[in-house]
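Read the figures in this text as sums done on the coordinates, not as results from a lab. Predicted model only: the values in this text are computed from it and were never measured. Cβ sites come from the backbone with ideal geometry, for glycine too, and all protein chains shown count toward neighbours.
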Amino acid sequence: MYNWFYNRVFYETYPSSSLTPEFPNINFVDADGGAEGRQKVVTSTEKIYFADDGGLVKTLPECVAEAKYLINMPILKRHPIQQGVTLSGKNLFGTWIEPVADIHSYHTGAFTAGNPAPQTDLLAHEHLGGKTLLYIGDGLFATKKDHATIERFKMYPFNNSWTNSLFFSQDPVAIDSVMYDFLHAEGTNPCEGSQNYLHQSAEPSLNVYDPENDGVFLSESLGVHEHCNTTVNIFSSDRYSGVTDNGIDYITFGKEHVKKSVSIPYKKVKSINFIDRIIELFPVISRILQIGRINIVSILNQDIN
């Protein structure tokens with residue numbers, strides 16, 4: 001846990017001559033510890049056994065193994081690894097003691113349809129997915145092309161603004177399916193293989209996943225996986241087929257805050273090539289001279305696909 005994050009979350013005001021904890025009863029656990037409200041991680045005896053061919057095994061910390069319940073808060077973003085996604089399943093990569101680097105080859109192999117996926121191992125483990133009561137998808141400021149650069153979404157209902165959204169579910173497969181669809185609809189086009197873990201979690205391969213290494217293999221679905229109907233309004237409960245058809249029960253709020261808008265797309269440039277001379281555009285220039293046709297996009301209460 002980086003200091004810049006810890007200091008601004010733990011204290012009421014930072015920097016400040018008098019540092020006062022804002023939430024003194026919340027304990028932060030990480031590899032370093034050694035600060036007020038910040039404890040050094042302790043290794044437990046609990047393990048997670050992955051279904052890869054190499055026999056990967058990781059160790060859970062006591063704060064995870066002894067927790068009564070977990071709340072998983074994934075971020076709405078794409079991952080640079082093969083244009084995948086970083087959602088609920090990938091978020092659990094931070095729940096073991098050892099480094100994460102040697103899991104990447106297993107993760108990459110899971111982009112092939114039918115291969116086992118580490119996210120399914122994690123969601124199936126009794127101390128991880130088995131103890132998670134709530135999934136909260138953080139879509140306040142999403143990323144479209146990587147896991148670091150926040151961007152405005154052009155699609156309705158965001159209308160070239162921030163996504164400003166939260167996703168709530170008790171089903172990790174359903175919430176990841178919905179967030180995947182939002183990224184895909186925006187045109188980020190996460191690769192098809194990155195949702196293999198959703199297929200594996202919804203319909204797990206038999207005799208493959210035994211994350212506790214107790215001889216009991218995962219045989220039941222971990223959640224519902226389906227894609228939205230893009231011809232249906234994004235606020236409609238019919239966007240997904242719903243529980244009656246064994247699909248995602250999709251409930252939305254916030255339509256009353258959506259505004260009509262008109263956008264004029266243009267390319268930002270730093271210079272103009274004028275008769276073989278480069279003319280630099282200074283930052284103080286605030287007006288745009290458009291030469292040629294202008295494309296005007298009217299965004300009403302409808303979907304843009």
| remark: Per the C-alpha gyration tensor (a ≥ b ≥ c, the square roots of its eigenvalues), the stretch 1-56 is rounded if a/c is under 1.5, else prolate if a/b beats b/c, else oblate; here it's prolate
| field | Backbone HN-Hα couplings from phi across the stretch 71-83 [Karplus 6.51/-1.76/1.60, Hz, Gly and Pro as x] | value | 10, 9, 10, x, 10, 6, 7, 8, 10, x, 5, 6, 6
| query | Quick one: if the Förster radius is 30 Å, what FRET efficiency do ALA67 and LYS259 give, using the C-beta to C-beta distance and rounding to 0.05? | reply | 0.10
| note | Checked against a 20 Å limit on the C-alpha separation, the offending pairs among LYS58/LYS90; LYS58/LYS131; LYS90/LYS145; LYS90/LYS255; LYS144/LYS255 are LYS90/LYS255; LYS144/LYS255
| task | With +1 on each Lys and Arg Cβ and -1 on each Asp and Glu Cβ, and nothing else charged, work out how big the dipole of the stretch 1-40 is about its Cα centre, in Debye to the nearest 20. | result | 60 debye
| query | SER44's amide H: which non-local residues (gap 5+, or another chain) put their own amide H closer than 5 Å, with H modeled 1.01 Å from N in plane and none for Pro or chain starts? | reply | LEU60, GLU62
| query | Taking 0.36 nm per residue of separation and subtracting the Cα-Cα distance, what length does fully extending GLU192 through ASP53 add? | reply | 47.8 nm
| task | Scan around ILE136 for amide H atoms under 5 Å from its own, H built in the peptide plane at 1.01 Å from N, and keep only partners 5 or more places away or cross-chain. | result | ASN72, MET73
| request: Measure off 7 Å from each Cα along the Cα-to-Cβ vector at ASN7 and SER241, then give the distance between these two points in nanometres to one decimal. | output: 5.3 nm
| message | Given points 7 Å out from each Cα along the Cα-Cβ axis, report the LYS40 to ASN207 separation in nanometres with one decimal. | response | 4.6 nm
